[in-house]
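Working notes, beginning with the structure itself.
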Amino acid sequence: MPEVFEPPKSQRMMWPPTHRSPFRLAAITEVLVWIGIVQFLRPLEAAPAEMSKAHAKALQHWRDSRFGLFIHWGPVSLKGTEIGWSRGAQVPIEDYDRLCQQFNPSNFNATAWAKTAKAAGMKYVVLTSKHHDGFCIWNTKFTDYNIMNTPFRRDVVKELADACRRQGLVFGLYHSICDWRHPDYPLGSPGGKTQKTTPNMDRYSGYLKNQLAELIRNYRPLGLLWFDGEWEAPWTHERGVDLDQFVRSLEPGILINNRVGKGRAGMAGTTSAGALPGDFDTPEQRIGNFQNDRPWESCITICRQWAWKPNDRLKSRKECLETLVRTAGGDGNLLLNVGPMPNGEIEARQVERLLEIGRWLKKNGESIYRTRGGPFKPGAWGASTHKGNTIFLHVLKWGEGETIELPAIEKRILKCSLLNGRRLHWKQTREEVGITVPRGSRDEVDTIIVMKLDGSASDIAPIDVATEKP
Ligand code: FHN
């Protein structure tokens with residue numbers, strides 16, 4: 001039975017300062033009831049075979065999805081500064097922690113967010129449940145520093161989880177292991193550079209597990225837990241292994257990223273040998289390198305900041321599409337981030353950018369969804385994806401001529417055409433493949449060539465393509 005830890009009253013984040021109940025019996029009763037609920041709701045232990053089947057199915061669906069929406073949101077949006085990192089830096093700690101008293105995103109509409117994600121061609125959504133600043137955007141029993149104690153008083157996690165389910169999207173949560181506000185977590189703001197006076201990491205780990213159990217049980221099915229904030233000293237490999245096992249015991253099919261452990265290689269996001277791997281690697285603010293022996297997902301902001309920032313630089317349609325194509329071409333997923341405004345809306349120009357991507361995917365999605373990366377590895381020329389006996393060439397940059405020349409492949413090419421069906425002239429020798437696309441038939445961003453083979457494209461070993469333009 002997972003430990004249910006109720007921090008002593010003095011440790012609970014009381015906000016706003018509330019009348020302390022004289023009825024301690026009520027508090028004890030509440031804990032006992034909660035223990036009873038946890039015990040009752042605890043799922044029957046899934047046999048390892050069932051666990052692996054549910055998990056393998058979830059991982060394949062996630063991998064086939066290729067594209068998801070990341071959302072960094074909280075009271076800090078009122079300031080327009082970076083979530084977590086601006087606490088005690090650009091924004092004094094006391095001011096930052098009081099922002100929740102003004103947080104009232106009255107235009108928040110979970111259905112609108114979920115419909116935007118769906119229209120963007122995204123198949124899953126990952127929302128920050130708690131970032132490094134400790135603010136909890138759901139109705140948690142384990143701290144008063146949460147959304148229910150703001151003027152808004154609505155459970156954002158519940159509303160978005162329900163909306164995603166109605167739109168057929170997998171719902172996931174980003175959850176920060178580090179917590180620069182919680183008195184038991186040893187490090188504090190700014191940026192983990194200060195020491196708490198009376199830390200208690202074991203007690204904090206109990207708090208972390210209690211909240212994760214709450215999120216898994218109250219908002220199921222939770223498809224994915226995107227851990228972060230694991231890089232600081234208080235978190236250890238052993239705590240990661242324990243947390244990974246704890247979460248999977250509660251939700252056998254859940255996906256967990258590699259940031260549950262201590263093996264992430266910085267922003268490259270790959271997992272060091274021997275480290276706790278989680279289910280996928282997590283390159284950040286960059287397109288991951290070609291890697292088809294382990295799932296990975298690039299998390300990248302549509303602007304520059306993770307949380308809302310007025311007049312932030314918005315990535316162009318071309319940049320977003322190229323990022324998606326190169327990520328899929330590397331055999332990875334793209335988790336594209338928006339930072340909603342303090343009124344609860346996603347900025348209109350960000351919504352429009354997402355809808356532009358969705359319109360592109362409506363037309364070209366067969367070259368992205370349910371594909372694997374390669375066999376021609378990404379390069380200056382572009383990238384390739386494949387499915388069955390088809391290779392999709394995504395030509396992003398052309399040379400002088402009208403012919404793209406690629407290294408030879410051992411499968412025989414049966415046909416080359418554009419995605420719109422227009423047949424193309426091609427030649428195949430033992431040395432190379434050449435495909436001619438008249439200038440007038442090219443796309444300004446991504447010219448997609450469909451190459452049909454006499455066998456499965458996945459039989460072809462990944463091929464490096466000369467880095468100069470074709
Ligand atoms: O510190 C966080 C940052 O705020 C953001 O949440 C990104 C998203 O993956 N992760 C951390 C930086 O690596």
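The values are calculated or read from the model by the stated rules, or taken from the named source; none is laboratory data. Since we're looking at a predicted model, the values are computed, not measured. Note: ideal-geometry Cβ built from the backbone for every residue, glycine included; neighbour counts use all protein chains shown. The accessibility values were calculated without ligands, DNA or RNA, using every heavy atom of the protein model including side chains. Shrake-Rupley method; radii C 1.70, N 1.55, O 1.52, S 1.80 Å.
Name every residue in the stretch 215-250 that is in a helix (DSSP H, G or I) and either more than 20 Å from the chain's Cα centre (by Cα) or modelled with pLDDT under 95 (or both), in order of residue number.
217, 218, 237, 238, 239, 241, 242, 245, 246, 249, 250
Which of (1) touching a residue at least 24 places away in the same chain (Cβ under 8 Å); (2) in contact with a strand residue (DSSP E or B) (Cβ under 6 Å, 6 or more places away or on another chain) is the odd one out, the single condition residue 261 does not satisfy?
Failed condition: (2).
Checking the structure you have, find out if any residue of the stretch 302-322 is within 24 Å of residue 397 (Cα to Cα), assigned by TED's automatic domain parsing to the domain that holds residue 257, crowded, with 23+ Cβ neighbours inside 10 Å and not basic (Lys, Arg).
Yes: the stretch 302-322 contains one or more residues that are within 24 Å of residue 397 (Cα to Cα), assigned by TED's automatic domain parsing to the domain that holds residue 257, crowded, with 23+ Cβ neighbours inside 10 Å and not basic (Lys, Arg).
Out of 259, 286, which single residue is buried (at least 23 other Cβ atoms within 10 Å of the Cβ) and either assigned by TED's automatic domain parsing to the domain that holds residue 136 or assigned to a helix (DSSP H, G or I) (or both)?
The unique qualifying residue is 259.
Pick from the stretch 280-298 the residues that are within 14 Å of the ligand (Cβ to nearest atom) and out of contact with any Phe, Trp or Tyr (no Cβ under 6 Å at 6 or more places or on another chain): which of them is farthest from residue 205 (Cα to Cα)?
Among them, the one singled out is 286.
I need the full set of residues from the stretch 127-147 which are out of contact with any Leu (no Cβ under 7 Å at 6 or more places or on another chain) and away from the ligand (no atom under 16 Å from the Cβ), in order please.
139, 140, 141, 142, 143, 144, 145, 146, 147
Determine whether the stretch 384-400 contains at least one residue that is at pLDDT below 95, surrounded by 16 or more Cβ atoms within 10 Å (Cβ to Cβ), farther than 23 Å from residue 69 by Cβ and of a type outside the set (Ser, Thr, Tyr).
yes
Using the structure shown, decide if residue 363 is more than 20 Å from the chain's Cα centre (by Cα) and surrounded by 15 or more Cβ atoms within 10 Å (Cβ to Cβ).
No; evaluated as a whole, the condition is false for this residue.
If I ask for residues that are in a strand (DSSP E or B) and of a type outside the set (Asp, Glu), which ones from the stretch 421-436 would you list?
Across the stretch 421-436, the qualifying residues are 423, 425, 426, 427, 428, 433, 434, 435, 436.
Is it true that residue 230 is more than 20 Å from residue 96 (Cβ to Cβ), of a type in the set (Asp, Glu) and within 16 Å of the ligand (Cβ to nearest atom)?
Yes.
Which of (1) more than 16 Å from the ligand (Cβ to nearest atom); (2) open to solvent by 20 Å² or more (accessible area, probe 1.4 Å) is the odd one out, the single condition residue 213 does not satisfy?
Status for residue 213: all satisfied but (2).
Quickly run through the stretch 86-122 and pick out the residues that are outside any helix (DSSP H, G or I) and among the aliphatic types (A, V, I, L, M).
Of everything in the stretch 86-122, those that are outside any helix (DSSP H, G or I) and among the aliphatic types (A, V, I, L, M) turn out to be 89, 91, 120, 122.
Considering only the stretch 260-279, I want to know if a residue exists there that is under 22 Å from residue 54 (Cα atoms) and within 12 Å of the ligand (Cβ to nearest atom).
For the stretch 260-279, residues under 22 Å from residue 54 (Cα atoms) and within 12 Å of the ligand (Cβ to nearest atom): absent.
Any chance you could count how many residues in the stretch 328-354 are in a helix (DSSP H, G or I) and farther than 18 Å from residue 126 by Cα?
Number satisfying all stated conditions: 6.
I need every pair where a residue in the stretch 88-105 that is of a type in the set (Lys, Arg) has its Cβ under 9 Å from the Cβ of a residue that is at pLDDT below 95, sequence separation at least 6 or different chains.
Listed pairs, sorted by first residue: 98/15.
Name every residue in the stretch 148-190 that is among the hydroxyl-bearing types (Ser, Thr, Tyr) and either part of a helix (DSSP H, G or I) or within 16 Å of the ligand (Cβ to nearest atom) (or both), in order of residue number.
174, 176, 185, 189
How many of the residues making up the stretch 81-126 are within 12 Å of the ligand (Cβ to nearest atom) and among the hydrophobic types (A, V, I, L, M, F, W, C)?
Qualifying residue count, the stretch 81-126: 3.
Which residues, counting only those in the stretch 377-420, are in a loop (DSSP other than H, G, I, E, B) and under 16 Å from residue 290 (Cα atoms)?
Scanning the stretch 377-420 gives 377, 378, 380, 381.
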